[in-house]
1. Name the one entry in Thr71, Thr81 that is out of contact with any helix residue (DSSP H, G or I) (no Cβ under 6 Å at 6 or more places or on another chain) and of a type in the set (Ser, Thr, Tyr).
2. Take Gly113 and decide whether it is modelled with pLDDT of 90 or more, assigned to a strand (DSSP E or B) and at positive phi.
3. Considering the stretch 75-100 alone, what residues qualify as being farther than 19 Å from Arg64 by Cβ and surrounded by 13 or more Cβ atoms within 10 Å (Cβ to Cβ)?
4. For the stretch 17-53, what are the residues that are over 16 Å from the mean Cα position of the chain (by Cα), more than 27 Å from Asp92 (Cβ to Cβ), free of Cβ contacts under 8 Å to residues at least 12 places away in the same chain and not in a helix (DSSP H, G or I)?
5. What's the total number of residues in the stretch 86-109 that are more than 16 Å from Val62 (Cβ to Cβ) and either touching a residue at least 12 places away in the same chain (Cβ under 8 Å) or outside any helix (DSSP H, G or I) (or both)?
6. Among Lys59, Lys106, which is within 19 Å of Pro125 (Cβ to Cβ), open to solvent by 100 Å² or more (accessible area, probe 1.4 Å) and modelled with pLDDT of 85 or more?
Amino acid sequence: MHGSTKEESKPVVPQVSDIDRITTLASALMAEDPEIYSKTYEGILRSVRRSGIVPQDWKPPVARYEYRWATTDGGKQNEQTVYGPFEAQELDQWYKATFFGIAGEKIRLRKVGNEEWEEWDDIFP
(Lines give C-alpha, C1' and ligand atoms only; values in the text may rest on other atoms or scores of the structure.)
Protein backbone atom coordinates (compact mmCIF):
# COMPACT_ATOMS: atom_id res chain seq x y z
CA MET A 1 0.00 0.00 0.00
CA HIS A 2 1.46 3.19 -1.14
CA GLY A 3 0.92 5.82 1.56
CA SER A 4 -2.81 5.28 1.85
CA THR A 5 -4.56 4.62 5.13
CA LYS A 6 -7.29 2.14 5.40
CA GLU A 7 -10.15 3.10 7.64
CA GLU A 8 -11.44 0.29 9.70
CA SER A 9 -15.12 -0.07 9.13
CA LYS A 10 -17.17 -1.24 12.05
CA PRO A 11 -20.29 -3.20 11.29
CA VAL A 12 -23.43 -1.24 11.94
CA VAL A 13 -25.62 -3.05 14.44
CA PRO A 14 -29.17 -1.77 14.31
CA GLN A 15 -30.80 -1.03 17.65
CA VAL A 16 -33.90 -3.16 18.11
CA SER A 17 -36.60 -1.81 20.38
CA ASP A 18 -38.46 -4.06 22.80
CA ILE A 19 -41.67 -3.70 20.80
CA ASP A 20 -39.88 -4.72 17.58
CA ARG A 21 -38.46 -7.78 19.33
CA ILE A 22 -41.89 -8.77 20.68
CA THR A 23 -43.47 -8.21 17.27
CA THR A 24 -40.84 -10.43 15.63
CA LEU A 25 -41.42 -13.17 18.20
CA ALA A 26 -45.21 -12.92 17.85
CA SER A 27 -44.99 -13.10 14.05
CA ALA A 28 -42.75 -16.17 14.23
CA LEU A 29 -45.17 -17.87 16.61
CA MET A 30 -48.25 -17.05 14.50
CA ALA A 31 -46.54 -18.30 11.33
CA GLU A 32 -45.68 -21.58 13.03
CA ASP A 33 -48.93 -22.06 14.93
CA PRO A 34 -52.11 -20.08 14.15
CA GLU A 35 -53.69 -21.51 17.33
CA ILE A 36 -51.06 -19.88 19.56
CA TYR A 37 -53.66 -18.08 21.70
CA SER A 38 -55.10 -21.37 22.93
CA LYS A 39 -51.73 -22.65 24.19
CA THR A 40 -50.41 -22.67 27.73
CA TYR A 41 -47.50 -20.52 28.86
CA GLU A 42 -45.22 -23.56 28.82
CA GLY A 43 -46.34 -24.47 25.29
CA ILE A 44 -45.66 -20.95 24.06
CA LEU A 45 -42.24 -20.97 25.71
CA ARG A 46 -41.36 -24.22 23.91
CA SER A 47 -42.53 -22.73 20.60
CA VAL A 48 -40.42 -19.61 21.10
CA ARG A 49 -37.35 -21.71 21.80
CA ARG A 50 -38.00 -23.99 18.80
CA SER A 51 -38.37 -20.97 16.51
CA GLY A 52 -34.61 -20.42 16.66
CA ILE A 53 -34.98 -16.70 17.38
CA VAL A 54 -33.81 -17.24 20.96
CA PRO A 55 -31.40 -19.82 22.41
CA GLN A 56 -32.82 -23.13 23.66
CA ASP A 57 -32.06 -22.19 27.27
CA TRP A 58 -33.66 -18.71 26.99
CA LYS A 59 -35.84 -17.61 29.88
CA PRO A 60 -38.25 -14.71 29.53
CA PRO A 61 -37.35 -11.64 31.54
CA VAL A 62 -39.19 -11.26 34.83
CA ALA A 63 -40.28 -7.83 35.99
CA ARG A 64 -38.53 -6.82 39.18
CA TYR A 65 -39.48 -4.05 41.57
CA GLU A 66 -37.93 -1.94 44.28
CA TYR A 67 -39.68 -0.37 47.22
CA ARG A 68 -39.07 2.24 49.87
CA TRP A 69 -41.06 3.12 52.93
CA ALA A 70 -43.47 6.00 52.45
CA THR A 71 -42.64 8.87 54.76
CA THR A 72 -45.57 9.82 56.92
CA ASP A 73 -43.73 11.83 59.58
CA GLY A 74 -41.92 14.25 57.26
CA GLY A 75 -38.58 12.48 57.77
CA LYS A 76 -36.16 11.63 55.00
CA GLN A 77 -34.38 8.56 56.39
CA ASN A 78 -36.93 5.91 55.35
CA GLU A 79 -37.40 7.56 51.99
CA GLN A 80 -33.72 7.20 51.09
CA THR A 81 -33.37 3.45 51.69
CA VAL A 82 -34.35 1.40 48.65
CA TYR A 83 -35.08 -2.32 49.02
CA GLY A 84 -34.96 -4.84 46.23
CA PRO A 85 -35.13 -5.86 43.54
CA PHE A 86 -37.95 -8.32 44.16
CA GLU A 87 -40.30 -10.18 41.84
CA ALA A 88 -43.99 -9.32 41.92
CA GLN A 89 -44.89 -12.69 43.44
CA GLU A 90 -42.70 -12.10 46.49
CA LEU A 91 -44.03 -8.57 47.01
CA ASP A 92 -47.59 -9.86 46.68
CA GLN A 93 -46.99 -12.39 49.48
CA TRP A 94 -45.80 -9.60 51.77
CA TYR A 95 -48.75 -7.44 50.70
CA LYS A 96 -51.22 -10.22 51.57
CA ALA A 97 -49.53 -10.55 54.98
CA THR A 98 -50.12 -6.76 55.43
CA PHE A 99 -46.38 -6.14 55.79
CA PHE A 100 -46.85 -2.97 53.70
CA GLY A 101 -50.06 -1.91 55.46
CA ILE A 102 -53.62 -3.00 54.79
CA ALA A 103 -53.65 -1.56 51.26
CA GLY A 104 -49.92 -1.20 50.60
CA GLU A 105 -50.03 2.39 51.79
CA LYS A 106 -46.78 2.17 53.77
CA ILE A 107 -44.53 1.86 50.71
CA ARG A 108 -43.83 3.35 47.31
CA LEU A 109 -42.78 1.09 44.43
CA ARG A 110 -41.08 1.34 41.09
CA LYS A 111 -40.19 -1.13 38.38
CA VAL A 112 -36.41 -1.59 38.20
CA GLY A 113 -35.11 0.94 35.68
CA ASN A 114 -37.85 3.51 36.33
CA GLU A 115 -37.18 6.64 38.33
CA GLU A 116 -40.71 7.52 39.43
CA TRP A 117 -42.08 6.06 42.66
CA GLU A 118 -45.72 5.01 42.63
CA GLU A 119 -48.33 3.72 45.05
CA TRP A 120 -49.19 0.01 45.26
CA ASP A 121 -52.47 0.33 43.34
CA ASP A 122 -50.74 2.18 40.50
CA ILE A 123 -48.26 -0.69 39.98
CA PHE A 124 -50.57 -3.61 40.80
CA PRO A 125 -54.16 -2.49 40.06
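1. Working: Thr71 fails: out of contact with any helix residue (DSSP H, G or I) (no Cβ under 6 Å at 6 or more places or on another chain).
Matching residue, one of Thr71, Thr81: Thr81.
2. On the way: modelled with pLDDT of 90 or more: yes; assigned to a strand (DSSP E or B): no; at positive phi: yes.
Criteria not met by Gly113.
3. Residues satisfying the conditions are Asn78, Glu79.
4. Of everything in the stretch 17-53, those that are over 16 Å from the mean Cα position of the chain (by Cα), more than 27 Å from Asp92 (Cβ to Cβ), free of Cβ contacts under 8 Å to residues at least 12 places away in the same chain and not in a helix (DSSP H, G or I) turn out to be Pro34, Glu35, Gly52.
5. Residues of the stretch 86-109 that are more than 16 Å from Val62 (Cβ to Cβ), as a first pass: 94-108.
Now restrict to residues that are either touching a residue at least 12 places away in the same chain (Cβ under 8 Å) or outside any helix (DSSP H, G or I) (or both): 95, 97-108.
Total satisfying the criteria: 13.
6. Details: Lys59 fails: within 19 Å of Pro125 (Cβ to Cβ).
None of the other options fit; the residue is Lys106.
The values are calculated or read from the model by the stated rules, or taken from the named source; none is laboratory data. This structure is a prediction, so every number in the text was calculated from the model and none was measured. Counting neighbours? That spans all protein chains shown, and the Cβs are built from the backbone with ideal geometry, glycine included. Protein only, heavy atoms only, side chains kept; ligands, DNA and RNA dropped before computing areas. Shrake-Rupley method; radii C 1.70, N 1.55, O 1.52, S 1.80 Å.
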